[in-house]
Structures are given as C-alpha cells and as structure tokens.
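Working notes for the structure below.
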Amino acid sequence: MNVVVRARVNASTDFSSLCASLMAQRDAKQKPIHQLELKVTTLTLTLTLTLTLTLTLTLLKVMQALQPQLDEVTRLEIECKQAELGLQLHAERCAATRHELEAVQELGRKEAEEDRQLLAETLNGRARATEQLEQAP
C-alpha cells in the first residue's frame, strides 16, 4: 500500500501515518524473506536428522556385520590370556623345581664329600690295621 504525499501550502505532513505506512511496506517485503529463511532452517534440520539417522543405521549394520568377528577376536584374546597365565604358572613351577633340584644337588655334593672323607678314613684305618697286622709277629 503506497501512500501518496502531496505538497500543500501551510500544511504539515503526518509523519506518524507515513512511518506506519513505510513499516507496513517493509513488513510486506520481508515476510517472504522470513518464510524462505524458515523453509531453509526446516530443510537444514530435516537434512541433518536424515543424515544422522542414515549414518546411525549404517553404523548399526556395520557393527552387526562385524559382531561375529569381534566375538572371535574377544574369544581369542581370552584364550591367549589364559594360555599366558598357564605359561606363567608353569614357569613358576619350573623355577620352584629348579630350586629344589639345586638344593638336592647341593645336598648330594655334601653327602658325596662326606662319603669320600669317610671312605678315605676307612681306607686309612684299614691301611693302618694292615700295617699293624704285618708288623705283628
């Protein structure tokens, strides 16, 4: 709606109605712009939600496809950990057995040394007894 302003002599312009008229024209021009902005925002949100949903569904399908492989990897990791723990247990038992073996070997060495000394003493005693018997008339 256009306001026609005509010059009058000794008359004043009604600035209030002129301002109201200009604001109405401006609002009329900006209304389609606001409607387009609203449509762009709506389309942007719709597109964002659609992409998010599509990506989520794709990820779900990929995870479902990979689930058997992930389960197998998990099972293998558990088996590996169990084997590792078993190996550590055997290593500890082996170390304990080695220590026992070393202790028995050391005891065997000591007993062998004692037996050698006893044999030497016995042989020396026998040699003395033989000498005494040979010297006896």
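A compact table of results
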quantity	calculated
Rounded tilt (10° steps) of 15-135 against the dominant C-alpha axis of the chain	0
Calculated [θ] (222 nm, deg cm²/dmol) that DSSP helices of n ≥ 4 give over the chain, each run adding -39,500 (n - 2.57)	-34000 deg cm²/dmol
Farthest positive-ward along the chain dipole, Cα basis, beta-carbon charges - from Leu36, Leu119, Leu59	Leu36
Dipole magnitude of the chain, debye to nearest 20 (Cβ charges: Lys/Arg +1, Asp/Glu -1, about Cα centre)	2340
Order of Ser17, Ser12 - criterion: other Cβ atoms within 10 Å of each residue's Cβ, fewest first	Ser12, Ser17
Among (1) 52, 13, 12; (2) 27, 19, 13; (3) 119, 23, 5, the entry derived from the coordinates for semi-axes √(5λ) of the Cα gyration tensor in Å	(3)
Residues of type aspartates and glutamates that Lys29 reaches as a straight line, Cα spacing below 16 Å, ignoring anything fewer than 8 places off in the same chain	Glu37
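Just so you know, all these numbers are worked out from the coordinates, no wet-lab data involved. Note that the structure is a prediction, hence the values are computed from the model and not measured. Ideal geometry is used to build each Cβ from the backbone, glycine not excepted, and the neighbour counts take in all protein chains shown.
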